1. Considering each of R102, R80, R20, R43 in turn, give the residue that is part of a helix (DSSP H, G or I), surrounded by 10 or more Cβ atoms within 10 Å (Cβ to Cβ) and in contact (Cβ under 8 Å) with a residue 60 or more places away in the chain.
2. Going residue by residue through the range 70-89, is there one that turns out to be more than 16 Å from R102 (Cβ to Cβ), modelled with pLDDT of 95 or more, over 17 Å from the mean Cα position of the chain (by Cα) and hydrophobic (A, V, I, L, M, F, W, C)?
3. Within the range 83-98, how many residues turn out to be among the charged types (D, E, K, R) and crowded, with 17+ Cβ neighbours inside 10 Å?
4. Only one of (1) more than 21 Å from E114 (Cβ to Cβ); (2) surrounded by 14 or more Cβ atoms within 10 Å (Cβ to Cβ) fails for A29. Which number is that?
5. Identify all residues within the range 105-130 that are surrounded by 12 or more Cβ atoms within 10 Å (Cβ to Cβ), at pLDDT below 90, part of a loop (DSSP other than H, G, I, E, B) and not aliphatic (A, V, I, L, M); write none if there are none.
6. Determine which single condition A31 fails, assuming it passes every other condition in (1) at pLDDT below 95; (2) assigned to a helix (DSSP H, G or I).
7. Could you please find all residues in the range 58-77 being small (G, A, S) and either within 15 Å of H123 (Cβ to Cβ) or buried (at least 18 other Cβ atoms within 10 Å of the Cβ) (or both)?
8. Could you check T13 against (1) over 15 Å from the mean Cα position of the chain (by Cα); (2) modelled with pLDDT of 95 or more and say which number it fails?
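The values are calculated or read from the model by the stated rules, or taken from the named source; none is laboratory data. Since we're looking at a predicted model, the values are computed, not measured. All Cβ positions, glycine included, derive from the backbone under ideal geometry; neighbour counts span all protein chains shown.
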Amino acid sequence: MAETLQAPTAAATFDPDKFRATTRTQWEAAAEAWDRWSPLLARWLGAATETMLAAAGVQAGSRVLDIAAGAGEQTLSAARRAGPEGYVLATDISPTILRYARGAAEKAGLANVETRELDGERHDLPRGLL
């Protein structure tokens with residue numbers, strides 16, 4: 001017996017606020033595991049990260065905005081390239097994962113990293129920060 005598929009009667013609507021809340025909740029829950037896997041991710045993505053930072057011109061003294069920084073693998077690479085006279089602002093929607101990024105920067109002795117909870121689509125950064 002063949003089944004007939006019927007079109008939905010109402011158009012589905014995308015709720016960006018609900019999506020953001022769900023995304024934040026998911027990253028809050030995944031933060032510890034993501035941090036635990038950071039060394040593997042850094043090895044896996046290291047060459048691509050270095051290529052990206054070189055293409056972006058990140059060098060000593062650079063000011064970098066890392067949107068959706070996660071546990072900070074790319075943040076640390078950018079901070080090392082920027083050096084002590086540079087600055088990296090690592091942002092993420094999840095405050096828990098940012099605590100891991102902050103801890104990783106401190107453990108690496110990188111004082112040029114700041115973390116801030118921000119939505120990558122809605123950020124209100126002060127002029128001149130970067």
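1. Details: R102 fails: in contact (Cβ under 8 Å) with a residue 60 or more places away in the chain; R80 fails: in contact (Cβ under 8 Å) with a residue 60 or more places away in the chain; R43 fails: in contact (Cβ under 8 Å) with a residue 60 or more places away in the chain.
Going through R102, R80, R20, R43 in turn, the sole match is R20.
2. yes
3. Taking the range 83-98 and keeping what is among the charged types (D, E, K, R), we get 85, 92.
Going one step further and asking which of them are crowded, with 17+ Cβ neighbours inside 10 Å, we end up with 92.
Looking only at that region, the number is 1.
4. Every condition holds for A29 apart from (2).
5. So the first thing to find is which residues in the range 105-130 are surrounded by 12 or more Cβ atoms within 10 Å (Cβ to Cβ), and the list is 105, 108, 110, 112-120, 123, 125, 130.
Checking which are at pLDDT below 90 leaves us with 119-120, 123, 125, 130.
When the remaining residues are screened for being part of a loop (DSSP other than H, G, I, E, B), the result is 120, 123, 125, 130.
Of everything in the range 105-130, those that are surrounded by 12 or more Cβ atoms within 10 Å (Cβ to Cβ), at pLDDT below 90, part of a loop (DSSP other than H, G, I, E, B) and not aliphatic (A, V, I, L, M) turn out to be G120, H123.
6. In the conditions (1) at pLDDT below 95; (2) assigned to a helix (DSSP H, G or I), A31 misses (1) alone.
7. If we filter the range 58-77 for residues that are small (G, A, S), which is where we start, we get 60-62, 68-72, 77.
Hits for the range 58-77 are S62, A68, A69, G70, A71, G72, S77.
8. (2)
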